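The values are calculated or read from the model by the stated rules, or taken from the named source; none is laboratory data. No experiment lies behind these values; they were computed from the predicted model shown. Please note: Cβ atoms are built from the backbone with ideal geometry, for glycine as well, and neighbour counts cover all protein chains shown.
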Amino acid sequence: MTYVVFLALLLLITLLGSYLVIENNRQKALAAKKKLFNTRVSEVSANVKFKLNEYYEAKIIRPKYISRIQVIVGNFFVVQTHTDENLLYLERIVESLLSTINSELAKTYVTGERDALAERLDFFVSELPTAGLAYNKTFYHEVLPSMIKVLCTNELSANPNDYEKAVDPENNFDTSVNEH
């Protein structure tokens with residue numbers, strides 16, 4: 001009888017130890033997953049900050065607008081849940097915004113209409129919500145994609161005569177003016 005009690009007690013201690021090890025591993029896995037998630041959010045935020053500084057140096061965005069555009073990333077998880085699906089959507093929408101601005105900037109080197117792009121970006125920033133709670137699912141899934149499409153212009157023409165002023169991308173100077 002004492003052997004049975006001793007064996008049952010030993011089995012319970014082993015079971016408790018196994019449970020504690022498994023629970024500890026589960027907690028570590030959750031912490032690692034959370035750290036990875038936060039790292040990805042930080043990478044998206046850092047990428048946006050880096051690109052916006054490049055756009056500032058290219059003189060298509062004003063310095064006061066940098067923080068307003070960064071709010072798009074910063075407020076994404078204010079109202080929305082922290083899920084991988086939402087993070088993937090944030091990465092996609094930010095990539096869409098940055099690639100649109102990049103392609104429009106590249107077009108300005110051909111068309112010479114850098115001021116028009118700067119005006120469209122000014123309009124884009126003015127349309128961003130001022131309240132943090134306004135950055136909700138509706139904004140990110142419906143309003144922001146349409147705002148990004150407003151930044152787009154028509155495709156470039158294959159005829160070089162359609163553009164009066166070409167811009168030298170290295171110097172940001174008008175190349176249509178002859179130097180005498």
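If the condition is being over 21 Å from I60 (Cα atoms) and among the aliphatic types (A, V, I, L, M), then the range 123-144 contributes A131, L133, A134, V143. Here the condition is being at pLDDT below 90, surrounded by 12 or more Cβ atoms within 10 Å (Cβ to Cβ) and not aromatic (F, W, Y); of T130, T111, it holds for T111 alone.
Restricting the range 55-91 to residues that are under 15 Å from the mean Cα position of the chain (by Cα) and of a type in the set (D, E) leaves a set whose member that is farthest from E113 (Cα to Cα) is D84. Taking every residue in the range 42-56 that is surrounded by 14 or more Cβ atoms within 10 Å (Cβ to Cβ) and pairing it with any residue that is among the charged types (D, E, K, R) and assigned to a helix (DSSP H, G or I), at least 6 positions away or on another chain, the pairs with Cβ-Cβ distances below 6 Å are V44/E91.
Looking for something within 18 Å of the chain's Cα centre (by Cα) and without any contact (Cβ under 8 Å) to a residue 12 or more places away in the chain - is there at least one such residue anywhere in the range 107-120?
Within the range 107-120, the first condition is being within 18 Å of the chain's Cα centre (by Cα), and the residues that meet it are none.
No.
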